[in-house]
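The values are calculated or read from the model by the stated rules, or taken from the named source; none is laboratory data. Only a predicted model underlies this, so the values are computations on that prediction, with no experimental measurement involved. Positions of Cβ are backbone-derived with ideal geometry, glycine not excepted, and every protein chain shown enters the neighbour counts.
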Amino acid sequence: MFHQPHPILPAEDDTRQPERGDVVLFCFPTAEEEAEIGLPKRRPCLVLDTFERGGARFVELAYGTSAMTKANRGYEILVKQPASRAAAGLHRPTRFVGARRIVVRIDTRGLSALAPTRIGRLDAPLLERMHAVRARLQAEADIAAHDRDEKRRERAREERGFP
């Protein structure tokens, strides 16, 4: 878990909208924390993407943790080097888990302009790693969508009497 001995201060330019590669604090919901205390704690999260739908702005956030487990290998962005941690606003080694993500509106409490939560940004090598993780996630989503379409077409052929 992420326990901060010193207060985390927002980045200098905390008025801008979050962008890909920014590290923000967000109350990422987890089943364990909800069962224990009812409210998730603020933790560092990585902005994987930003987009607009129906006039509302959204961000896709990856879960951040200091627990170095073997889960989700290939989907993680490890922030270990002191210079990288400093740029990201982190005080301990952290891994962002791309397989564990959430999409939230930009005006969600905790991400609003009233409570700036941006604490840093990934450096160039880690941004490259983030893009590789994003590409892998997108490729897997495209493959799953293709498989669903194939199954749908196959069912439609069977319903019309074609083998």
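Which of the residues belonging to segment 71-110 are among the charged types (D, E, K, R) and touching an Asp or Glu at 6+ places or on another chain (Cβ under 9 Å)?
If we filter segment 71-110 for residues that are among the charged types (D, E, K, R), which is where we start, we get 73, 76, 80, 85, 92, 95, 100-101, 105, 107, 109.
Result: ARG95, ARG101.
Please enumerate the residues belonging to segment 1-49 that are at pLDDT below 55, surrounded by 14 or more Cβ atoms within 10 Å (Cβ to Cβ) and under 20 Å from TYR75 (Cα atoms). PHE2, the sole residue that qualifies. Taking residues in segment 126-154 that are surrounded by 10 or more Cβ atoms within 10 Å (Cβ to Cβ), and partners anywhere that are part of a helix (DSSP H, G or I) and among the polar types (S, T, N, Q), the pairs with Cβ atoms closer than 9 Å and at least 6 places apart or on different chains are LEU126/SER84.
When each of GLU159, GLU60 is tested for being touching a residue at least 40 places away in the same chain (Cβ under 8 Å) and among the acidic types (Asp, Glu), the lone residue that passes is GLU60.
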